[in-house]
Amino acid sequence: MSSVSQRKTVTIRDLLAKKQAGQPISMLTAYDASFAARIDATGIDCVLVGDSLGNVILGHDTTLPVTIADMVHHTAAVRRGLEHALLIADLPFLSYSSAEQALRSAHRLLAEGGASMVKLEGGGPMVDVVAALCANGVAVCGHLGLTPQHVHQLGGFRYQGKNDAAQQLMRSEALALQDAGASLLVLECVPEAFAGSLTAELHIPVIGIGAGRQVDGQVLVLYDMLGITTGKRPGFSQDFLAGHGSIQAALQAYVDAVHGGVFPTEQHVLAR
Ligand code: KIV
C-alpha cells in the first residue's frame, strides 16, 4: 500500500479512472471525526456519512427520523477527521422533495458540513432533482435497489430487482440518473448478475452493498463490519474485527480486501 502522506485528496475523476482501469473502489460509512481519521489512514477511496446513523448511532428502527441538522452535524465531524478520502453525505428523508428544497439541503451539507458529494435515494421524480443539483454545481451519487428511506413503500427491508420487470425499471432509472448528471451510483441488495450487467452498461462507477462481486466498488456500514451492530448482521457484510487485533487492523483488512478484489466472496452473495 502506498504511504498515506503521499496520497492527494480523492476526486470523482479518480473514481472514474479506477472504474476504467478495473480497480475496485472502497467506501465505508463514518459518523464522527475519530473513526473518520482511522478510516482515512487505510487509504480508502470514499467515506459516506450515511443516514444509517439513524439506526447505528441514534437507535431508530429506520432512517426516516434523521434530519438535515443531524446530517450536517455528523458530516462536519467526519470532515474534521478526513484528509484524503472523498466525503459523501446522505440527503435525509424528505429533505429533497423538490429541486429547490434539494438545493437548500445540499448547500448545507457542502457549505456547513464540508461534503464533496451528496447521495439521494430513488429514480423517477428524483431524476429532475439530480439534474437541478448538477446544474448548480453539486456532485451527486444516486442510490437504487433497496432504498431504506422507502421502507414502508417497499413493505420492509427487502431484496430488490427480483424479476425482469423490476430490473428493467431499475436499469432505466439508473441510465436516467446518469444522464441527469449523477457521478456515482450505489446499488443495494440486488442480484449479482443484474448488478454486473448494469455496471458494464453505465459509464459512472457503481458501488455495491449486497450487490455481489461484479460492481466497481463496495460499501459497508462501519458498525456492521466491526461486528457491533445490534441484531442480525446482514448476510452480505462481514465482521472484520474478528481475527484482527484492533479496529485499525480491521479497517485496513476491509479496504485491502476490497482493493484486492477478495471481498465480497461467494458467501456474501445474497440468495434471492
Ligand atoms: O445510509 C447508509 O449507510 C447507506 C449505505 C448503506 C450505502 O446509504
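No lab work stands behind these numbers, since they all come straight from the coordinates. As the structure is a prediction and not an experimental result, all values here were calculated from the model. So basically every Cβ, Gly included, is an ideal-geometry build from the backbone, and we count neighbours across all protein chains shown.
Brief remarks follow.
- Kirkwood-Stokes translational diffusion coefficient of the range 122-272, alpha-carbon pairs, 25 °C, 0.890 mPa s, µm²/s: 152 µm²/s
- Gap separating the Cα centres of the range 78-130 and the range 185-216, nearest whole Å: 21 Å
- Count, lysine Cα pairs under 27 Å in the chain, 8 or more residues apart or across chains: 9
- Packing-based exposure ordering (other Cβ within 10 Å, fewest first) of Cys134, Cys46, Cys189: Cys134, Cys189, Cys46
- Summed residue charge, Cβ within 11 Å of Leu251's Cβ, Lys/Arg positive, Asp/Glu negative: -1
- Inter-label distance, nm, simple model (7 Å from Cα along the C-beta direction), Gln23/Ala200: 2.4 nm
- In this rough spin-label picture, where each label sits 7 Å from Cα along the Cβ direction, the Arg158-Ala69 distance is 3.5 nm.
- Computed from label points 7 Å out along Cα-Cβ, the spacing between Asn136 and Gln168 is 3.6 nm.
- A quarter of the convex hull surface defined by the alpha-carbon atoms of the chain gives 12.8 nm² as the mean projection.
- Ranking Ala89, Pro125, Thr11 by how far each Cα lies toward the positive end of the dipole of the range 4-268 (charges on Cβ) leaves Thr11 at the top.
- Cut-off 13 Å between beta-carbons: net charge of the residues surrounding Glu266, Lys and Arg +1, Asp and Glu -1: 0
- Principal semi-axes of the equivalent ellipsoid, √(5λ) from the alpha carbon gyration tensor of the range 173-221, are 17, 11, 9 Å from largest down.
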